[in-house]
1. Translational diffusion coefficient of segment 13-93 at 25 °C, 0.890 mPa s, Stokes-Einstein with Kirkwood Rh over Cα pairs, in µm²/s as a whole number.
2. For the chain, set up a Gaussian network in which alpha carbons nearer than 10 Å are linked by springs, and say which option among 183, 31, 203 fluctuates the most.
3. On C-alpha positions alone, give me the angle between the axis of helix 214-224 and the longest principal axis of the chain, in degrees, nearest 10.
4. Seen from all sides and averaged, what is the projected area of the convex hull of the Cα atoms in segment 157-292, in nm²?
5. Quick one: Kirkwood hydrodynamic radius for the chain, alpha-carbon pairs, angstrom, one decimal?
6. Could you list which residues have their amide H under 5 Å from that of residue 236, counting only those 5 or more apart in sequence or on another chain, with H placed in the peptide plane?
7. With r defined as the distance between the Cβ atoms of residue 59 and residue 227 and R0 fixed at 51 Å, what FRET efficiency is calculated, to the nearest 0.05?
8. What distance in nm lies between label points placed 7 Å from Cα along the C-beta direction at residue 358 and residue 107?
Amino acid sequence: MKKRCLVVTGGGDCPGLNAVIRAIVKRASKEEGWEIIGSRDAFNGILRDPMEIVELDNAAVAGIHVRGGTILGTTNKGGPFSWPVQDKAGNWIEEDHSAEMLRKLEFLNVSAIINIGGDGSQRISQQLFEMGCNIIGVPKTIDNDLGATDITFGFPTAVEIATDAVDKLVTTAASHNRIIILEVMGRDAGWIALQSAVAGGAEVCLIPEIKYDINKVVERINKRIRNSRGFVNIVISEGARPIDGSQQYLENDEIGHHNMRLGGAGNRLMHELKEAGIKTDIRVTTLGHLQRGGKPGAYDRILATQFGVKAFEMVLEKGFGKMAALRDGKLVAVPISDAIEKYNYVDLNCDLIQTARDIDISFGD
Ligand code: F6P
């Protein structure tokens with residue numbers, strides 16, 4: 001009987017997921033006796049009745065490395081440890097269905113799992129590993145906030161998209177002598193904002209790791225805008241906050257969606273600037289999910305392909321409980337627990353922060 005490896009994509013999608021899936025299938029097809037299957041919408045495809053499973057062979061994955069999203073679908077709702085069910089009164093509650101899922105995996109003859117996902121998904125990987133599952137993690141997120149790896153695929157493509165947005169906003173800001181604020185994603189890490197601000201040549205970059213003083217931002221603006229002439233481009237992370245404020249969240253009434261949804265930092269900044277006396281016209285653009293959609297850039301396709309091959313080789317070596325990672329340019333296996341323990345904040349002493357300061361980008365501090 002053939003051995004089966006289950007592939008899962010979980011959490012928010014990100015460019016490069018399909019390239020990982022393709023690489024796993026291609027690498028596995030070089031081995032005798034392996035079959036790759038996928039679960040739809042993270043583990044939810046296994047948990048559903050009837051199960052939703054996809055057979056993944058070379059024909060099924062041909063050419064998908066250039067496509068955005070994931071052919072398996074993904075979700076950040078549900079999962080084995082928080083499966084939403086309605087109680088008798090019709091209220092949504094969550095149940096632990098992990099034992100039932102393990103029984104289903106045994107029935108399917110699954111001998112290994114590759115879970116491609118960010119910190120939430122890798123927390124699930126770790127829990128399943130502790131229950132005895134043969135699981136391997138592959139790191140993904142546009143936020144680049146996972147510890148234990150130098151970089152996650154999806155992040156470089158998101159930076160390209162954000163930089164393209166800065167470039168476009170510069171021309172319209174310059175034509176109108178305006179201040180334009182671009183809000184980018186990243187959760188609690190300012191990587192997308194920092195890199196796109198440097199690449200796009202913004203004057204101000206506000207990130208979650210540095211609480212901003214609105215007066216410092218005003219100072220930087222006034223240095224550039226004189227007698228109503230001049231323009232300013234500001235890149236702000238969705239997780240940025242003023243020294244005396246907290247992060248800005250959106251309402252979230254989606255059943256089973258646990259994550260707090262960040263959003264509104266850009267609009268708040270506009271109001272703060274107006275209150276602080278800025279008279280120049282201000283416009284706010286929120287880049288949102290454009291940063292996650294569309295085809296992966298070349299670097300992400302390459303990194304995702306390397307992670308996919310590495311992950312299947314870790315299956316062959318039975319290196320379970322580990323995650324494929326890139327460390328100092330080398331593909332390595334690291335404990336999943338390391339990846340979820342350490343959040344990858346922007347290091348305020350890193351060279352890029354200094355470079356940004358040296359070219360007069362203000363962090364509002
Ligand atoms: O983690 C990736 C990410 O895109 C974050 O940058 C953002 O805060 C969040 O996911 C948005 O989540 P959702 O797709 O659920 O709105």
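Every number here is computed from the coordinates shown, using simple stated rules; none is lab data. Quick caveat: nothing in here was measured; it's all calculated off a predicted structure. Reconstructed Cβ throughout: ideal geometry from the backbone, glycine too, with neighbour counts over all protein chains shown.
1. So the translational diffusion coefficient is about 173 µm²/s.
2. 31
3. Tilt of helix 214-224: around 60 degrees.
4. Details: hull surface 32.3 nm².
For segment 157-292, the mean projected area of the Cα convex hull comes to 8.1 nm².
5. On the way: mean 1/r = 0.0463 Å⁻¹.
Here the Kirkwood hydrodynamic radius works out to 21.6 Å.
6. 182, 183, 184, 206
7. Numbers: r = 65 Å, r/R0 = 1.28.
Computed FRET efficiency for residue 59 and residue 227: 0.20.
8. Here the modelled spin labels are 6.2 nm apart.
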